[in-house]
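The structure that follows is given in the form of structure tokens.
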Amino acid sequence: MSSFTQFNLKPEIMKGIEDLYFIKPTPIQEKTIPIALQGKDLIGQAQTGTGKTAAFVIPMLQKINPNKNHIQGLIMTPTRELAIQITEDVEDLAKYLDVNVVCLHGGRDIQAQMNKLKGKVHIVVGTPGRILDHIGRETLHFGRIEMLVLDEADKMLEMGFQEDVEAIIATTSPKKQSLLFSATMPDRVKQLSHRFMFQPPHLRVEMKQATSETTKQYYYVINQSEKIEALLHLLPELNPYLCIIFVNTQNRVEQITEKLQEEGLEAKALHGGLSQNKREQLMEGFRQIKFQYLVCTDIAARGLDVEGVTHVINYDLPSDTESYIHRVGRTGRAGQEGVAITFVSPRQKTIMSKIERAIRQKIEQKIMTHEKEFGIFTSTPKEQKETEGKANAKKKTFRRSPQAQDVAKQTDKKKVKPGYKKKIEMEKKKEVQRAKRKKVQQAVNENIRKKRRQEGAQAKRNSSSR
């Protein structure tokens, strides 16, 4: 069995590894660390949750000389959250080394960062925009760095950082070692690597499936207007320890969070519209289990490793396969079991088929059926038929989702159209109002008839008196 001892690392690094309970290197670590320790450029390709961070942090710490006061390592990453996460990982692994690391990203006081850079700094971790800002202010110099790392390179270029990245690389030492890590290898990433790397081997870790084998994945086909009530009924059944709910827009994040809070659930909203301090406070609170549900946009999909996330719910289907993989990767980490649930509109079923082909895994479709009197239950199509047969025998009425209607089409002739409690309550109110209006109209008509009878009787009395 392989272990970290095979790399002949500094005792201080080995002690940090032991404190983190790393038992053996992951496949990407086993492939990249030996080559990185030789000082060669390399490209590492692997999905999220495979240990890529340690694959470049460990060789960097091995090569750092604490006695030198200049910056020796630079790690660039696309998002603030990932920069913070990597900085924490560096600090954990370097716990017993006299190595100083600074995290540079937007949303923080730049003057405070400038003050830190005046001190002894060995490693800089940051986002391209803020790093370039410091270079322009001449508070940051990379003329003597020995190792450059581009993490999540595909996402970095996708987010429009290519010019910034190239400008930063141009300021670095030509003698540096360069490591590039990416989940995918689009043409732009390949072209970038050819321009600034020297004959890098492409070390790729093939996975049997892109998502963890310990994560159970399934989806429900639900109309957009019915999602929120479906979610509210599903959560008590799931009873998650910690749950991340992914939504595509900031406004919807706020709306869903408010709905969950109204139901008495401990939920918080996380999105790009919040200040960096607020976002960091929220993530720290989630890690410390101060609340159970984190509703967020894809800002939290990459680089965030929160222990204890048992469930991920894609309230909105992500726009691409990579985003789906990264979202699902927030659970089922480090061999733990996880559950990933996706809400899909009827028109999005073809997208789910594409995702299944991309991850080389069949994702089970489940049926969500709303029972008028007893709430909500879920089952596979076969179980659904059996359940509905028993329910029909007892003369109970169900209102089914579009898929449940398809399943019961041949067996249940008295179908009720899809809907939820709100629709039924509105119909009941309308029926009550119609009954009231009918009753009032009947009373009015009766009063008119009574008045006419009285007028007729009075006319007869008047004619007889004449």
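The values are calculated or read from the model by the stated rules, or taken from the named source; none is laboratory data. Worth saying up front: this structure is predicted, and the values here are computed from it rather than measured. Cβ atoms come from the backbone with ideal geometry, glycine included; neighbour counts cover every protein chain shown.
Just need a number here: residues in the stretch 16-41 that are assigned to a helix (DSSP H, G or I) and either at positive phi or among the polar types (S, T, N, Q) (or both).
2
Out of (1) over 14 Å from V99 (Cα atoms); (2) not in a loop (DSSP other than H, G, I, E, B), what's the single condition that is false for L61?
Tallying (1) over 14 Å from V99 (Cα atoms); (2) not in a loop (DSSP other than H, G, I, E, B), L61 fails exactly one: (1).
Is it the case that the stretch 139-161 has a residue that's over 20 Å from G44 (Cβ atoms), crowded, with 21+ Cβ neighbours inside 10 Å and in the same structural domain as K31 (by TED's automatic domain parsing)?
Yes: one or more hits.
Taking the stretch 1-56 as the search range and keeping residues that are closer than 20 Å to V149 by Cα and among the hydroxyl-bearing types (S, T, Y), which one is modelled with the highest pLDDT?
T32
Tell me, yes or no, whether the stretch 170-191 has at least one residue that is acidic (D, E) and under 19 Å from the mean Cα position of the chain (by Cα).
Scanning the stretch 170-191 turns up no residue that is acidic (D, E) and under 19 Å from the mean Cα position of the chain (by Cα).
Based on this model, can you work out whether L61 counts as crowded, with 20+ Cβ neighbours inside 10 Å, at pLDDT 95 or above, out of contact with any Leu (no Cβ under 7 Å at 6 or more places or on another chain) and within 29 Å of A183 (Cα to Cα)?
Spelling it out, it is not the case that L61 is crowded, with 20+ Cβ neighbours inside 10 Å, at pLDDT 95 or above, out of contact with any Leu (no Cβ under 7 Å at 6 or more places or on another chain) and within 29 Å of A183 (Cα to Cα).
I'd like to check something: does the stretch 29-44 contain any residue that is in the same structural domain as P11 (by TED's automatic domain parsing), within 23 Å of the chain's Cα centre (by Cα) and of a type in the set (A, V, I, L, M)?
No - not one qualifying residue is present in the stretch 29-44.
If you go through the stretch 310-353, how many residues are surrounded by fewer than 17 Cβ atoms within 10 Å (Cβ to Cβ), more than 21 Å from E158 (Cα to Cα) and charged (D, E, K, R)?
Total satisfying the criteria: 3.
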